[in-house]
1. Heavy-atom accessible area of residue 15 with all protein chains present, probe 1.4 Å, nearest 10 Å²?
2. Roll a 1.4 angstrom probe over the protein heavy atoms and tell me the percent of accessible area of the chain that is carbon or sulfur.
3. Restricting the count to DSSP beta bridges whose residues both fall in the chain, what percent are antiparallel, rounded to a multiple of 5?
4. Add -39500 (n - 2.57) for each DSSP H run of 4 or more in the chain, then divide by its residues: what number comes out at 222 nm, to the nearest 500 deg cm²/dmol?
5. Could you compute how much accessible surface residue 38 exposes when probed at 1.4 Å, giving the result in Å² to the nearest 10?
6. Can you bin the range 1-55 into rounded, prolate or oblate? Criterion: square roots of the alpha carbon gyration tensor eigenvalues sorted a ≥ b ≥ c, rounded for a/c under 1.5, prolate for a/b above b/c, oblate for the rest.
Amino acid sequence: MSRPPPSLLVIVPGDWTTVPEGVKELERYLSDKCGGTLVIQSTPAALRCPLVLPVGVWAPGTWLMVRKTIELMLIPRAFFSLGWMEEVT
């Protein structure tokens, strides 16, 4: 029986912008660190930020090891929103 490889599902709000270079960096990181892949889905739902979900079979401890780097460094480089500007004005 084949196990599904580790994958990261990122659900991005429709009003957010994708940065191609940041997405490539995230894909490279996933591939190098855990042999994982990236799946990006857009949603019209009102989310405050992209929703990051690990799917598939991850080696024990792998998600915990890479989660902080992904959520704090790589996601902000790959996706952004200017919605905060509306709150300021």
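1. Looks like 110 Å² after rounding.
2. 60 percent
3. Antiparallel bridges: around 50 percent, rounded to the nearest 5.
4. -10000 deg cm²/dmol
5. Counting only protein heavy atoms, residue 38 exposes about 30 Å² to solvent.
6. Working: a/c = 3.09, a/b = 1.55, b/c = 2.00.
It comes out oblate by the Cα gyration axes.
The values are calculated or read from the model by the stated rules, or taken from the named source; none is laboratory data. Here the structure is a predicted model, which is why all the values come from computation and not from measurement. Calculation scope for accessible area: heavy atoms of the full protein, side chains included, ligands and nucleic acids excluded. Shrake-Rupley method; radii C 1.70, N 1.55, O 1.52, S 1.80 Å.
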